[in-house]
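K.L.:
The structure that follows is given in the form of structure tokens.
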Amino acid sequence: MRPAQSRPMSAFTRLLALVCLLCLGAGAGATQHAVVLSQAIAVASDDDGFPSDAAATAQSLPDDWSISRPGYEGSVWYRLVFDAPATADPRHVLALYVERVCTNLEVQLNGRPIYNAGSMSEPVTRNCYRPQIAPLPAALLRAQGNRLDIKVRGHALEHVSSRHRAAGLSALRIGPLDELSATWRAAQFRSITAVELGAATMLVLGVFMIGVGWFNRRASYLMYFGMLALGWAVLTARVWAAELPFANAVGEYLVCLGYAPVAGLLIVFLLRYAGVKRRPLDLLLLGQCVLLPLTVALAGPANLYAACRVWYALLLLEILAAMAVYLRITYAARRAEFWVMSGILALLALLLALEFALQRGDATAIWRGHSLRFALPVLVLVVSFRLVQLFAHALRSAESGRTTLEARIQEAALEIERNFAQLAELRVEQVTEKERKRIAADLHDDLGAKLLTIVHTSESERISTLAREALEEMRLSVRGLTGKPVRAADALADWRAECVSRLGQSGIEADWQGPAEEIDQQMSARAFVQTTRILREAVSNIIKHSGASHCKVRCTIDAHGIGLVVQDNGRGIPLELDGRLDRGHGMSSMKHRAKQMHGQCLVESGPGYGTVIRLTLPL
């Protein structure tokens, strides 16, 4: 037996695993020779150097100003004394690594400035999310008693919209530059580069989704999802955009304003994706985007953080409620993406709850990084993959439906054409029938009356006979023009009477044999007229040309058609006409009439053997 093979992880499972790893925020490998500095003395001062004459206080690092200096905004000097690491290779350059500083810092070593991370006055360079690394010049280093002075410029918690941008300084590390550079690069990638890549991805993804949703209004949730991606990409600019052209108060106010539209777009997307569309709710969310800036402006810069915290809690509750509604509807509808989306939304809810917990004051978590800003783009990418997959499936279904619809439309068009042709034929038939009846009436009323007058008033027997024959032919034509069906039994009786009478008048013995059983079929007027004329022509040929003394006529009628066999014992067709039976003797007209009726007229003859005419016509 072959060993059981494990099932490969799905793409969704792999992406979720990646998100979880990102959320953990695992740092780079620990440096072997770095010295951690966590004790300092601090002085609140905006001087250009550490104020040695001022009263300094002992300060443990990391230092969160919201705890150690509530409400303070400005600059603080930190002094740390250290000895050069004994294990350090003297050939290697030492460096200072700062995991986090907010908002900006300057570094001096033994009274000499060695590093400046940007502007220390408004607009202050915002380096809250950027790790810092500063090489320590070997010429300034002493074996023992090195003074490291760090000036930090920061903003009070009350004046920012997020605890992540409140002033503070992390613990410091001093070690070989090559080891600390690896740590710095890993932290830089997690904090800045990954966020920039995520923002760029969300920008492209957002534009694509908006375009797809715009051209397919039935999937409007794609457009809202695209705007959500664009909105979050703009919000993440606060992470990687360190140099902004306006003061901190303006920047913090703008960041706070962005959360209401982003949360509203997330809520509308979830509801639209679940098939819920409520215009009053859309208006409330739109009004919320106006109400938030008004309330924050009324609260003032001194209460910015408090006002934003209230709004963060409200927006979080709204998002969680929208998630619950979406999951309830999709679960009730047994939609295929329920489990996929429930996993994504559960992780998103966990990240939002963690972010809200950080805003409540878990200061130790501040230094561990912020998972939401780089985990959310991955979640958006997963959802986008699922949406594109569903949209492609919908496109295939729509294409299949369009093909089916085109086939049905084509069938309907053909059916309409057939019906139109039938109506046209019916109209022509009606007009023809009307014209036939008019001609039949004219023949009967005018020509018939005149022929009947000739029959009864003519003194010439020949003229009277010709007029009688013309009258009979006219009556047959009138009967065909009227189009009235004829009972097959009546037709057989008429044919028998005429054939026996004509043959008897010519001295030819007639042997007529028809169907033995009762006949219920109907014959069309046209079939009756054409058969009568063919039979009449056959009898006329026998009388005029055959020299026969005996003639047999056999007639059969069934559901399919009429069969007539006329056989005489005359001299037959002369040899000079052999092979040309369709010329003369009315043979051509007989065959032509049978062909018009989709029937067949066959003539068999030989000199001295008589003639046999076989006629088959459909009813």
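The values are calculated or read from the model by the stated rules, or taken from the named source; none is laboratory data. Please read all numbers here as calculations on a predicted model, not as lab measurements. Ideal geometry is used to build each Cβ from the backbone, glycine not excepted, and the neighbour counts take in all protein chains shown. All accessible areas refer to the heavy atoms of the entire protein, side chains included, with ligands and DNA or RNA removed. Shrake-Rupley method; radii C 1.70, N 1.55, O 1.52, S 1.80 Å.
K.L.:
Dividing the Cα radius of gyration by the Kirkwood radius, what Rg/Rh value follows for the range 242-324?
P.N.:
Working: Rg = 14.3 Å, Rh = 13.8 Å.
So for the range 242-324, dividing Rg by the Kirkwood Rh gives 1.04.
K.L.:
Counting Lys and Arg as +1 and Asp and Glu as -1, what is the net charge of the other residues whose Cβ lies under 13 Å from the Cβ of GLY504? Write out the running numbers ahead of the final one.
P.N.:
On the way: positive: ARG496, ARG502; negative: GLU498, GLU509, ASP511.
That sum, taken over residues with Cβ under 13 Å, equals -1.
K.L.:
At R0 = 60 Å, how high is the FRET efficiency between THR404 and GLN522 if r is their beta carbon distance? Nearest 0.05 is fine.
P.N.:
On the way: r = 44 Å, r/R0 = 0.74.
Once rounded, the FRET efficiency stands at 0.85.
K.L.:
Using heavy-atom solvent-accessible surface (probe 1.4 Å) with all chains present, what is the largest-first order of TYR326, TYR609? Could you put the intermediate results ahead of the total?
P.N.:
Values: TYR326 0, TYR609 190 Å².
If we order TYR326, TYR609 from most to least accessible, we get TYR609, TYR326.
K.L.:
Between SER588 and LEU294, with labels modelled 7 Å along Cα→Cβ, what's the label distance in nm to one decimal, could you check?
P.N.:
About 10.4 nm separates the two model spin labels.
K.L.:
What FRET efficiency do you get for TRP339 and LEU317 if R0 is 25 Å and r is their Cβ-Cβ distance, rounded to the nearest 0.05? Mind dumping the intermediate values first?
P.N.:
On the way: r = 25 Å, r/R0 = 0.99.
In this case the efficiency is close to 0.50.
K.L.:
Between ALA306 and HIS92, how high is the FRET efficiency from 1/(1 + (r/R0)^6) when r is the Cβ-Cβ distance and R₀ = 60 Å? Nearest 0.05.
P.N.:
Details: r = 48 Å, r/R0 = 0.81.
The pair ALA306/HIS92 has a calculated efficiency of 0.80.
K.L.:
Show me the ranking of peptides 334-342, 512-520 by mean Cβ neighbours inside 10 Å, starting with the highest.
P.N.:
Ranked from most to least packed, the peptides come out as 334-342, 512-520.
K.L.:
Along each of the three principal axes of the Cα atoms of the range 294-344, give the extent in whole Å, ordering the values from largest to smallest.
P.N.:
Projected onto the principal axes, the Cα atoms of the range 294-344 cover 50, 16, 11 Å.
K.L.:
Please work out how much accessible surface GLU415 shows to a 1.4 Å probe, ignoring ligands, DNA and RNA, in Å² rounded to 10.
P.N.:
That residue has around 80 Å² of solvent-accessible surface.
K.L.:
Accessible surface of LYS434 in the full protein assembly, 1.4 angstrom probe, to the nearest 10 Å²?
P.N.:
Approximately 150 Å² for this residue.
K.L.:
Find the percent of Cα-Cα distances in the range 160-313 that exceed 25 Å, and round it to a whole number.
P.N.:
Working: 5287 of 11781 pairs.
Tail fraction, whole percent: 45.
K.L.:
Evaluate the relative contact order of the range 196-318 (contact order divided by residue number), counting alpha-carbon pairs under 8 angstrom at least 6 apart; express in whole percent.
P.N.:
Details: 96 pairs, mean separation 27.5, N = 123.
Across the range 196-318, relative contact order equals 22 percent.
K.L.:
Still on this structure: So between SER38 and SER501, what do we pick up on full extension, going 0.36 nm a residue minus the alpha carbon distance? Before the final figure, lay out each step's value.
P.N.:
Numbers: separation 463, 0.36 × 463 = 166.68 nm, distance 14.07 nm.
Stretched fully, the SER38-SER501 segment lengthens by 152.6 nm.
K.L.:
Quick one: work out Rg over Rh on the C-alpha atoms of the range 117-216, Rh as Kirkwood radius. Before the final figure, lay out the partial values.
P.N.:
On the way: Rg = 19.7 Å, Rh = 17.3 Å.
Reported Rg/Rh (Cα atoms, Kirkwood Rh): 1.13.
K.L.:
Now for a separate question. Once amide H atoms are built 1.01 Å from N in the peptide plane, which residues 5 or more positions from GLU509, or in another chain, come under 5 Å H to H?
P.N.:
It is HIS550, CYS551, by chain and number.
K.L.:
Averaged per residue, what accessible surface does the range 79-217 expose to a 1.4 Å probe, in Å²? List each step's numbers first, then the result.
P.N.:
Working: 5570 Å² over 139 residues.
For the range 79-217, the per-residue accessible area is 40 Å².
K.L.:
Along the Cα→Cβ direction, 7 angstrom out, place labels at SER121 and VAL276. What is the inter-label distance in nm?
P.N.:
5.4
K.L.:
If amide H atoms are built 1.01 Å from N in the plane of the peptide, which residues on other chains or at least 5 residues away come under 5 Å of the amide H of THR103?
P.N.:
Excluding prolines and chain starts, which carry no amide H, the hits are ARG153, GLY154, HIS155, GLY168.
K.L.:
Between SER397 and VAL325, 0.36 nm times their residue separation minus their Cα-Cα distance comes to what?
P.N.:
On the way: separation 72, 0.36 × 72 = 25.92 nm, distance 2.75 nm.
Using 0.36 nm per residue and subtracting the Cα-Cα distance, I get 23.2 nm.
K.L.:
Let me ask you something else. With each pseudo-label sitting 7 Å past Cα toward Cβ, what's the ASP46-THR432 distance in nm, one decimal?
P.N.:
10.9
K.L.:
Cα-Cα over 26 Å: which of LYS484/LYS595; LYS484/LYS544; LYS544/LYS591? Working shown, then result.
P.N.:
Values: LYS484/LYS595 22 Å; LYS484/LYS544 33 Å; LYS544/LYS591 19 Å.
Exceeds cut-off: LYS484/LYS544.
K.L.:
What's the center-to-center distance, using Cα atoms, between the range 203-240 and the range 289-357 in Å?
P.N.:
Taking the Cα centre of the range 289-357 as reference, the centre of the range 203-240 is 18 Å away.
K.L.:
In whole Å, what is the distance between the alpha-carbon centres of the range 512-562 and the range 171-185?
P.N.:
Rounded to whole Å, the Cα centres lie 120 Å apart.
K.L.:
How long are the three semi-axes of the equivalent ellipsoid for the range 481-520, computed from the Cα gyration tensor as the root of 5 times each eigenvalue, in whole Å, largest first?
P.N.:
Computed over the range 481-520, the values are 23, 15, 4 Å.
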